[in-house]
Amino acid sequence: MTSFQDFGLADPISRALKEENYLIPTPIQAQTIPLALAGRDVVGIAQTGTGKTAAFALPILHRILEHRVRPQPKACRVLVLSPTRELSSQILDSFNAYGRHIRLTSALVIGGVPMGRQVRSVMQGVEVMVATPGRLLDLVQSNGLKLNQVEFLVLDEADRMLDMGFINDIRKIVGKLPIKRQTLFFSATMPKDIAELAEAMLRDPAHVAVTPAASTVERITQRIIQVDFTAKPAVLAQLLKQEPVDRALVFTRTKHGADKVVKGLARAGIDANAIHGNKSQSQRERVLAAFRAGEIRTLVATDIAARGIDVDGISHVVNFDLPNIPETYVHRIGRTARAGADGVAISLIAGAEEMGYLRDIERLIRMAIPATDRRTGTVTQQAEVHHGGRPHRGNRQRGHGG
Ligand code: AMP
């Protein structure tokens, strides 16, 4: 699949995708969407940052449109279970973004907010409900919600839900669902207990997987440079002048940050362009074409904007800010070293917060990233590889399920 057109998604969904600047399906989307549209149950191994949300949300939206019925009171057609409040609300935002032209009805059922409001939000019934398992069960047990109308069930980050002790809640919830339903099950890892849970919940599932995070990392030369926060622009400019750069992709966490970096580089005499969600489609395409053609050597991007960038020959990825989600780091640096080429990934790290993100990243990729002195370029700390154990998904402290 080379474009979203090939899936034959309903027109209002395709339009929303264009507006979101989704051009090329990610690998997990290319694999999952046709299967899910055909009505199959799917087990997917995929990390955050791979585009898995759209992989399940798009075919489900298409299918509820094929047979649009008014949801019954206190019921939902689509139930998505996720481990944390944050992830749940991101998933709901995605459904609402892709469903913006179809007047989707939806509700978020998560812990930490008053239950009364949630009871009211589902009173009329909704098409899509995204929930953390604990709060969902509370709502069901207090008769605020019934689960006998669910046609589509999604489990997202199943391994994290098990790690967080939601297994019994999940079993109870699944026990209340109709047998006849479509189930899509996603997990970053597939140890035995997760595979067994999937086995018990799914009907003749298709299996899909995207390359596990760690394997991409091995071909890339990674290093970190510890700097003062205020020195980052100068260090970046110096790096781009010193390093043998063919094409460099610089990541910032925010759109505003990307624009600031471009201005800072301009002051240091380095031409760079920013690409992010505030730019129009035609602006993006122009900048990307110039980057591809080698007319622009340095592109500054946010994570979301970088999803659609499919450019070979990126010699350097520079993390101006470290991402707080470790999988995002892997995704970023995977932009270099494509098609068997070598690549260099350099991260600028300032302050305790970014040191914390670094530790999460090192745990995920199971290696320590060497630090270099920014003036001499010599390695000041030797790389070591940690063996064994299950990789931690280090972002679990960020949220609590409800
Ligand atoms: P996820 O792994 O579902 O959390 O998605 C990661 C990010 O990628 C989200 O910000 C999505 O909006 C974005 N995204 C997902 N699929 C695509 C795509 N095909 N093209 C561009 N951006 C995408």
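The values are calculated or read from the model by the stated rules, or taken from the named source; none is laboratory data. Quantities reported herein were computed from a predicted structural model and do not represent experimental measurements. Reconstructed Cβ throughout: ideal geometry from the backbone, glycine too, with neighbour counts over all protein chains shown. Each accessible area value is taken on the protein alone, full model and side chains, heavy atoms only, with ligands, DNA and RNA left out. Shrake-Rupley method; radii C 1.70, N 1.55, O 1.52, S 1.80 Å.
Some observations on this one:
- Across the stretch 200-224, the qualifying residues are those that are modelled with pLDDT of 90 or more and in a helix (DSSP H, G or I), and the one among them that is least open to solvent (accessible area, probe 1.4 Å) is MET201.
- The stretch 282-316 - residue that is hydrophobic (A, V, I, L, M, F, W, C) and within 13 Å of the ligand (Cβ to nearest atom) and, of those, surrounded by the fewest Cβ atoms within 10 Å (Cβ to Cβ): ILE304
- In the stretch 1-55, the residues that are in a loop (DSSP other than H, G, I, E, B) and within 7 Å of the ligand (Cβ to nearest atom): GLU20, ASN21, TYR22, LEU23, ILE24, PRO25, THR26, THR48, GLY49, THR50, GLY51
- Only a single item in (1) closer than 23 Å to GLN141 by Cα; (2) open to solvent by 40 Å² or more (accessible area, probe 1.4 Å) is not met by ARG103, and it is number (1).
- Selection count where residues are of a type in the set (A, V, I, L, M) and loosely packed, with under 15 Cβ neighbours inside 10 Å, scope the stretch 107-121: 1
- Residue list for the stretch 75-95, filter: assigned to a loop (DSSP other than H, G, I, E, B) and touching a helix residue (DSSP H, G or I) at 6+ places or on another chain (Cβ under 6 Å): SER82, PRO83
- Within this structure, ARG63 passes the test of being under 25 Å from PHE4 (Cα atoms), part of a helix (DSSP H, G or I) and open to solvent by 60 Å² or more (accessible area, probe 1.4 Å).
- Matching residues in the stretch 56-67 - criterion: being within 14 Å of the ligand (Cβ to nearest atom) and either touching a strand residue (DSSP E or B) at 6+ places or on another chain (Cβ under 7 Å) or outside the structural domain of ILE91 (by TED's automatic domain parsing) (or both): PHE56, ILE60
- Members of the stretch 225-281 found to be touching a Gly at 6+ places or on another chain (Cβ under 6 Å) and open to solvent by less than 70 Å² (accessible area, probe 1.4 Å), listed by number: PRO233, ARG247
- Of the residues ASP93, ASP159, ASP138, the single one that is open to solvent by less than 10 Å² (accessible area, probe 1.4 Å) and of a type in the set (Asp, Glu) is ASP159.
- Residues in the stretch 7-42 that are open to solvent by less than 20 Å² (accessible area, probe 1.4 Å) and acidic (Asp, Glu): 1 in all.
- Flag for GLY112 being part of a loop (DSSP other than H, G, I, E, B), in the same structural domain as VAL42 (by TED's automatic domain parsing) and farther than 28 Å from ARG15 by Cβ: yes
- Test: GLN124 is open to solvent by 20 Å² or more (accessible area, probe 1.4 Å), over 27 Å from the mean Cα position of the chain (by Cα) and within 30 Å of ARG15 (Cβ to Cβ): yes
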